[in-house]
Amino acid sequence: MLDHITNHFSDSIDAKIRAAEDLPPLIAQAAELMVHSLVNEGKILACGNGGCAAAAQHFTSELLNRFERERPSLPAISLTADTSTLTSIANDYSYNEVFSKQIRALGQPGDMLLAISTSGHSPNIIQAIQAAHDREMTVIALTGMDGGNCARLLHPEDVEIRVDNQVTARIQEVHLLTLHCICDLIDEFLFGNAE
Ligand SMILES: O=C(CO)[C@@H](O)[C@H](O)[C@H](O)[C@H](O)COP(=O)(O)O
Ligand SMILES: [Zn+2]
């Protein structure tokens, strides 16, 4: 049992070491795009399934409330939290449309979509990206594995942050770290050095 636990820790550390080599330029690019949107009256919509839904909510709460310093609230909406909306869209139409229908209603040109999928294959995330493009929004996709269909759908101005790993849990662990980096960079860009 202890070996099992130690393996989880060492696999997670390895995934993060690899990510620290591959991802910083992409994370910086994503944060810059989000800052550009926020200073131009844009907002960030976020979506994902399961653990990725939790990550989407984790991120939007840190923008709406705070990350590590006192600062004004920033506009972000998680599309995973309104159970009445989610259940009615899934019930009346399809689970594949639970995010895209919200994006078509709430998304404005210049807003950003944060789409999180470890496989890049979840149909509701694919449809969310398509809806965001239709609404002239830029997409930040947090993916893993081979990026799936999400990666193939992205436009040149979008950013894919792909974790080079095949294990969902490891990918999610790097996604969370990535989101914390983005929060820190947004605060730094918008509100200056904390020191
Ligand atoms: O958290 C986990 C597994 O670690 C699960 O809840 C996982 O997020 C769910 O199976 C999701 O439905 C996976 O979707 P995706 O990441 O492939 O888009
Ligand atoms: Zn998980």
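In table form, for the structure just shown:
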quantity: Unique match (being β-branched (V, I, T) and out of contact with any strand residue (DSSP E or B) (no Cβ under 9 Å at 6 or more places or on another chain)) among I186, I129, I161; calculated: I186
quantity: Set L106, L113, L179, L185: member being closer than 23 Å to N40 by Cα and within 16 Å of ligand 2 (Cβ to nearest atom); calculated: L179
quantity: Single residue of the range 134-168 satisfying the filter (in contact (Cβ under 8 Å) with a residue 24 or more places away in the chain and in a helix (DSSP H, G or I)) that is most open to solvent (accessible area, probe 1.4 Å); calculated: D134
quantity: Of the criteria (1) outside any loop (DSSP other than H, G, I, E, B); (2) open to solvent by less than 80 Å² (accessible area, probe 1.4 Å), which one F67 fails; calculated: (1)
quantity: Total residues in the range 140-157, condition within 12 Å of the chain's Cα centre (by Cα) and away from ligand 2 (no atom under 16 Å from the Cβ); calculated: 2
quantity: Which listed residue, of L23, L45, L38, is more than 16 Å from ligand 1 (Cβ to nearest atom), among the aliphatic types (A, V, I, L, M) and in contact with a Lys or Arg (Cβ under 9 Å, 6 or more places away or on another chain); calculated: L23
quantity: Matching residues, the range 33-57, being surrounded by 15 or more Cβ atoms within 10 Å (Cβ to Cβ) and assigned to a helix (DSSP H, G or I); calculated: L33, M34, V35, S37, L38, G51, C52, A53, A54, A55, A56, Q57
quantity: Test result for A131, buried (at least 16 other Cβ atoms within 10 Å of the Cβ) and either among the aromatic types (F, W, Y) or more than 26 Å from N65 (Cβ to Cβ) (or both); calculated: yes
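The values are calculated or read from the model by the stated rules, or taken from the named source; none is laboratory data. Nothing here was measured: the structure is a model prediction, and the numbers come from that model. Cβ sites come from the backbone with ideal geometry, for glycine too, and all protein chains shown count toward neighbours. These accessible areas exclude ligands, DNA and RNA; they are computed on the full protein's heavy atoms, side chains included. Shrake-Rupley method; radii C 1.70, N 1.55, O 1.52, S 1.80 Å.
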